[in-house]
Amino acid sequence: QVQLVESGGGLVQAGGSLRLSCAASRSILSLRSMGWYRQAPGKQRELVATIQSSGTRLYVDSVKGRFTISRDITKNTVYLQMNSLEPEDTAVYYCRVVVAMTNVEVWGQGTLVTVSS
C-alpha cells in the first residue's frame, strides 16, 4: 500500500500563490495517475488536476492557466502550483493516486487552502 503526505496549504490573499506537495511512500513510477481534488464547504469533491504516468495532464476549466500540476520522480512527489488564487479556490485539497498494478486508489489526508478577498 502507498501512503501519501500532503503539505503546503494555508491562508493567502486573493491574487497570491501557494504550492501544494504530495509525497508518496513508494516510487511514483508504480502509480497510474496522481491528482489533486478539492472539496469546498457544502460542495461535492471535485477534480482539480491530474497527471498520468505518461505525463499527460488534465485540468478542470476553472483552474486552467492558473494552476500547474507537476511531479518529481526523484522525490516521489507531485505538486500543485496555484497562482492567481481566488476566494472560490478555498477548499480542502486532497491528493489521490491510483496504483498501476491493482487500480487501487489512495487518498491523502487533505490540506486546507483559504483564500481571503
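As a test question: what accessible area, to the nearest 10 Å², does E88 have when a 1.4 Å probe is rolled over all protein chains in place?
130 Å²
Of the residues G55, G42, G15, which exhibits the maximal mean-square fluctuation in a Gaussian network model of the chain defined by a 10 Å Cα contact cut-off?
G42
To the nearest 20 Debye, how big is the dipole of the chain about its Cα centre, given +1 on the beta carbon of each Lys and Arg and -1 on that of each Asp and Glu? Working shown, then result.
Values: 12 positive and 8 negative charges, 57 e Å.
So the magnitude is around 280 debye.
Report the local net charge at S54: Lys and Arg +1, Asp and Glu -1, summed over other residues whose C-beta lies under 12 Å from its C-beta.
Working: positive: R32, R57, R71; negative: none.
So the surrounding residues net to +3.
What do you reckon, how do D72, D61 stack up by accessible area (1.4 Å probe), largest on top? All intermediate terms of the calculation are to be shown ahead of the outcome.
Numbers: D72 40, D61 115 Å².
Sorted by accessible area, descending: D61, D72.
How big is D, in µm² s⁻¹, for the chain by Stokes-Einstein at 25 °C and 0.890 mPa s if Rh is the Kirkwood radius over C-alpha pairs?
On the way: Rh = 14.1 Å.
So the translational diffusion coefficient is about 174 µm²/s.
What does the charge count near S70 come to, summing +1 for each Lys or Arg and -1 for each Asp or Glu among other residues with Cβ under 12 Å from its Cβ?
Numbers: positive: R19, R57, R71, K75; negative: D72.
After counting each charged neighbour, the total is +3.
Could you tell me the distance between the Cα centroids of the stretch 1-44 and the stretch 52-83, to the nearest Å?
Comparing the Cα centres of the stretch 1-44 and the stretch 52-83, I get a distance of 10 Å.
Run the numbers on the chain and let me know its relative contact order in percent, using alpha-carbon pairs under 8 Å that are six or more apart. If you can, show how the numbers build up before the last one.
Values: 289 pairs, mean separation 42.3, N = 117.
Computed value for the chain: 36 percent relative contact order.
List the residues, sorted by chain then number, that are 5 or more residues from R71 or on another chain and whose placed amide H is less than 5 Å from its amide H.
Y79
Using 1/(1 + (r/R0)^6) with R0 = 22 angstrom and r between the beta carbons of S54 and S17, what's the FRET efficiency to the nearest 0.05? All intermediate terms of the calculation are to be shown ahead of the outcome.
Working: r = 27 Å, r/R0 = 1.24.
Step by step, r from the Cβ atoms, then E = 0.20.
In the chain, once you exclude exposed trypsin sites (Lys or Arg not before Pro) (DSSP loop, at most 13 other Cβ within 10 angstrom), what's the longest stretch remaining? Don't skip to the end; give the middle numbers.
Details: sites that count: R26, K43, K64, K75.
Looking at the chain, 76-117 is the longest stretch - no exposed trypsin sites (Lys or Arg not before Pro) with at most 13 other Cβ atoms within 10 Å.
The values are calculated or read from the model by the stated rules, or taken from the named source; none is laboratory data. Please read these numbers as outputs of a predicted model, since none were measured by experiment. Glycine gets a Cβ as well: all are built from the backbone with ideal geometry, and neighbour counts include every protein chain shown. When the accessible area is computed, the model is the full protein with side chains, heavy atoms only, and any ligands, DNA or RNA have been set aside. Shrake-Rupley method; radii C 1.70, N 1.55, O 1.52, S 1.80 Å.
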